[in-house]
Amino acid sequence: MMVFVLSPAFASAMEYYVATSGSDANAGTIEQPFASVQRAQDSVEPGDTVFIRGGTYRMQESDIARRERIWAHAIRLNRSGRNGERINYWAYENEQPVFDFSAVKPPHLRVHAFSVSGSWLHFRGIEVVGVQVTISGHTQSICFANDGSHNIYEQLSMHDGMAIGIYSVKGADNLFLNCDAFNNYDSVSENGRGGNVDGFGCHPPRDGSGNIFRGCRAWFNSDDGFDCINAHESVTFENCWAFWNGYSPDFKRRADGNGFKAGGYGSTSVRRLPNPIPRHVVQYCVAARNKNSGFYANHHIGGCDWFYNSASRNGTNFNMLCRLADNVTDVPGYGHVLRNNLSFGSRRLVNNLAVAENVTTNNSFDSDVQLSESDFQSLGENQLLRPRQPNGDLPAITFLHLVQSTDQGAFAQYK
Ligand code: CA
Ligand code: CA
């Protein structure tokens, strides 16, 4: 007798629904939705989709899925999909789910609003607001904490809280796509300096290669827009915009305030440094009016790749500062490859660059072209705030694009 066993590949993918009007005692259908993403996770298998209906989900401390040592994992997503069968957590159609964590204030714990240790997951269209810090010493909270691999974080918006937008210190091959992090400032810890609140932080471990930020924006975060200090593998930033970081929304000065902090190891001892030191890639990005440096090598021990980036009105537009292998001795930047970058509107167009020790071609700061305001289609930074396109892509803008009559060949434009 032949026995046919239905292989998992033939099992049909399930759809579950979560709604503000739902109940976790429901079946999770569109008519009888769950109330919580946490409950939905209990049911999902690889290939399934959780649709999250629009509206505001007012999270409570009683919703915290797990308290462990110094952390409160509020929504804890530890189940994984697999290659070709992601688990999706998607906003339903064009609806906008907003998760408001302003009432989640567990004493002495760091809040990880979405704590993601699963892999092969896809998040899309979720907004997170009001994430709190309760600790007055050194600490940080996080909107999306990624510990997994092969995840996609798409069209997420993390704002008006005290937490980092997305923070990834584990995992490989994650894609952070078309996300926004803005107005984030921790007024509670370390005397309200806000020094840990980056828009996006990616600090991968050894074997954590292939992490990419694409189409993301960061503005008015109290520390940096994008930060990959302490990375043991290369991180790529492309088509991302960082502006007004290190400032409050009324331009009070806050903490570090770099647009792209691409490198460096702080005070890490030499024996704990990665070998080899990774080269980060920053391309087709925009840095405008960040308090400190727009594009910053941050004492990196070696060079990075900087292609087709545009900077204006940062404290320093391109700051290529490097450090010797002792991770102590700061030196002008070496080993960088800088091509087709545009720098305008700062008293420091490029700093800390030992030109002979780098490859620099077709950058505005090493060309004969003298840029003036009339060379640009627009210098209106507010264009950077325009709404995204329906598919989540960045808005089409003319900010820092050159007029036709200016020598376009000297240094090309970000897309
Ligand atoms: Ca800092
Ligand atoms: Ca930072």
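Assuming R0 = 30 Å, can you tell me the calculated FRET efficiency for the pair Ser21 and Ser102, based on Cβ-Cβ distance, to the nearest 0.05? Before the final figure, lay out the partial values.
On the way: r = 21 Å, r/R0 = 0.69.
It comes to 0.90.
Starting at the first residue of region 43-52, write each ³J(HN,Hα) from the Karplus equation 6.51 cos²θ - 1.76 cosθ + 1.60 with θ = phi - 60°, in whole Hz, x for Gly and Pro.
After applying 6.51 cos²θ - 1.76 cosθ + 1.60, I find 9, 6, 10, x, x, 7, 10, 9, 8, 10 Hz.
What is the set of long-range amide H partners of Tyr89 at a cut-off below 5 Å, with H atoms built 1.01 Å from backbone N?
Val50, His122, Phe123, Arg124
Which longest uninterrupted range of the chain lacks any GluC sites (Glu not before Pro) assigned by DSSP to a loop state (not H, G, I, E or B) and surrounded by at most 10 other Cβ atoms within 10 Å?
Of all site-free stretches, the longest is 94-415.
Among Asn382, Tyr92, Leu371, pick out the residue whose Cα is farthest towards the positive end of the charge dipole of region 58-385, where Lys and Arg carry +1 and Asp and Glu carry -1 on C-beta, about the Cα centre.
Working it through, the farthest residue towards the positive pole turns out to be Tyr92.
Can you check what the net charge comes to around His108, using other residues whose Cβ is under 12 Å from the Cβ of His108 (Lys, Arg +1; Asp, Glu -1)? Write out the running numbers ahead of the final one.
Numbers: positive: Arg67, Arg69, Lys105, Arg110; negative: none.
After counting each charged neighbour, the total is +4.
So what is the accessible area of the chain per residue, in Å², with the probe set to 1.4 Å? Write down the numbers at each step before the final one.
Working: 17260 Å² over 415 residues.
Ligands and nucleic acids excluded, the result is 42 Å² per residue.
Exposed loop sites here are chymotrypsin sites (Phe, Trp or Tyr not before Pro) in DSSP loop states with at most 14 other C-beta atoms within 10 Å. What is the longest stretch of the chain lacking them?
Details: sites that count: Phe4, Phe251.
Of all site-free stretches, the longest is 5-250.
Around Gly208, under 11 Å between beta carbons, what's the net of Lys plus Arg minus Asp minus Glu among the other residues?
On the way: positive: Lys170, Arg206; negative: Asp147, Asp173, Asp207, Glu233.
Net local charge, Gly208 excluded: -2.
Return the sequence-ordered ³J(HN,Hα) values of region 258-270 in whole Hz as given by the Karplus equation 6.51 cos²θ - 1.76 cosθ + 1.60 applied to θ = phi - 60°, using x for Gly and Pro.
9, x, 10, 9, 9, x, x, 9, x, 9, 4, 6, 4
Quick check for me: using +1 on Lys/Arg Cβ and -1 on Asp/Glu Cβ, what's the dipole size of region 48-110 about its Cα centre, in debye to the nearest 20? Mind showing how you got there, number by number?
Numbers: 11 positive and 8 negative charges, 79 e Å.
Using only the charged Cβ atoms, the result is roughly 380 debye.
At a 1.4 Å probe radius, carbon and sulfur cover how many percent of the accessible area of region 226-297? Don't skip to the answer; put the middle values down first.
Values: 1060 of 2500 Å².
Answer for region 226-297: carbon and sulfur cover 42 percent of the accessible area.
Can you return the aspartates and glutamates within cross-link range of Lys261? Criterion is Cα-Cα under 14 Å, with same-chain partners fewer than 8 residues away left out.
Asp198, Asp223, Asp224, Asp227, Glu238, Asp305
Could you give me the ³J(HN,Hα) list for region 221-237, computed from phi with Karplus coefficients 6.51, -1.76, 1.60 and θ = phi - 60°, whole Hz, x at Gly and Pro?
8, 5, 9, 9, x, 10, 9, 10, 4, 6, 7, 9, 9, 5, 10, 10, 10
Output the antiparallel fraction of DSSP beta bridges having both residues in region 58-385, as a percent to the nearest 5.
On the way: 7 of 92 bridges.
Rounded to the nearest five, the antiparallel share is 10 percent.
In debye, nearest 20, what is the charge dipole magnitude of the chain about its Cα centre with +1 on Lys and Arg Cβ and -1 on Asp and Glu Cβ, if you could check?
Values: 35 positive and 41 negative charges, 153 e Å.
Computed charge dipole of the chain: roughly 740 debye.
For a quick check: with amide H placed at 1.01 Å from N, whose amide H comes under 5 Å from Asn314's, ignoring anything fewer than 5 positions away on the same chain?
Residues meeting the criterion, in which the H sits 1.01 Å from N, are Arg289, Asn290.
Test of the criteria: in region 18-85, which trypsin sites (Lys or Arg not before Pro) are in a DSSP loop and have at most 13 other Cβ atoms within 10 angstrom of their Cβ? Show your work: numbers first, answer last.
Values: sites: Arg39, Arg53, Arg58, Arg66, Arg67, Arg69, Arg76, Arg79, Arg82; in loops: Arg53, Arg69, Arg79.
Answer by residue number: Arg69.
Given axes a ≥ b ≥ c from the Cα gyration tensor, I'd like to know whether region 164-323 is rounded (a/c under 1.5), prolate (a/b larger than b/c) or oblate.
On the way: a/c = 1.45, a/b = 1.33, b/c = 1.09.
Since a/c stays below 1.5, the shape of region 164-323 is classed as rounded.
Which shape class, rounded, prolate or oblate, goes with the chain when its Cα gyration tensor gives a ≥ b ≥ c as root eigenvalues, a/c under 1.5 marks rounded, and past that a/b bigger than b/c marks prolate?
Numbers: a/c = 1.74, a/b = 1.69, b/c = 1.03.
Verdict is prolate for the chain.
Collect residues whose amide H, placed 1.01 Å from N in the peptide plane, falls under 5 Å from the amide H of Arg348; neighbours closer than 5 in sequence don't count.
Amide H neighbours of Arg348: Asn317.
Region 312-361: which trypsin sites (Lys or Arg not before Pro) are DSSP loop and have at most 11 other beta-carbon atoms within 10 angstrom? Don't skip to the end; give the middle numbers.
Numbers: sites: Arg313, Arg323, Arg339, Arg347, Arg348; in loops: Arg313, Arg347, Arg348.
Counting only loop positions with at most 11 other Cβ atoms within 10 Å, the trypsin sites (Lys or Arg not before Pro) in region 312-361 are Arg347.
Out of region 239-294, which trypsin sites (Lys or Arg not before Pro) are coil in DSSP terms and have no more than 11 other C-beta atoms within 10 Å?
Details: sites: Lys252, Arg253, Arg254, Lys261, Arg271, Arg272, Arg279, Arg289, Lys291; in loops: Lys252, Arg254, Arg279, Arg289, Lys291.
Answer in residue order: Lys252.
Can you give the calculated 222 nm mean residue ellipticity of the chain, where each DSSP H run of n ≥ 4 adds -39,500 (n - 2.57) and the sum is split over every residue, rounded to the nearest 500 deg cm²/dmol?
Working: 1 runs with 7 residues, N = 415.
The helix-only estimate for the chain comes to -500 deg cm²/dmol at 222 nm.
The values are calculated or read from the model by the stated rules, or taken from the named source; none is laboratory data. Treat the numbers as computed from the prediction; the structure is a model and nothing was measured. Here Cβ is always computed from backbone atoms with ideal geometry, including for glycine, and neighbour counts include all displayed protein chains. Remember, those area values only see protein heavy atoms, side chains included, never the ligands or the DNA or RNA. Shrake-Rupley method; radii C 1.70, N 1.55, O 1.52, S 1.80 Å.
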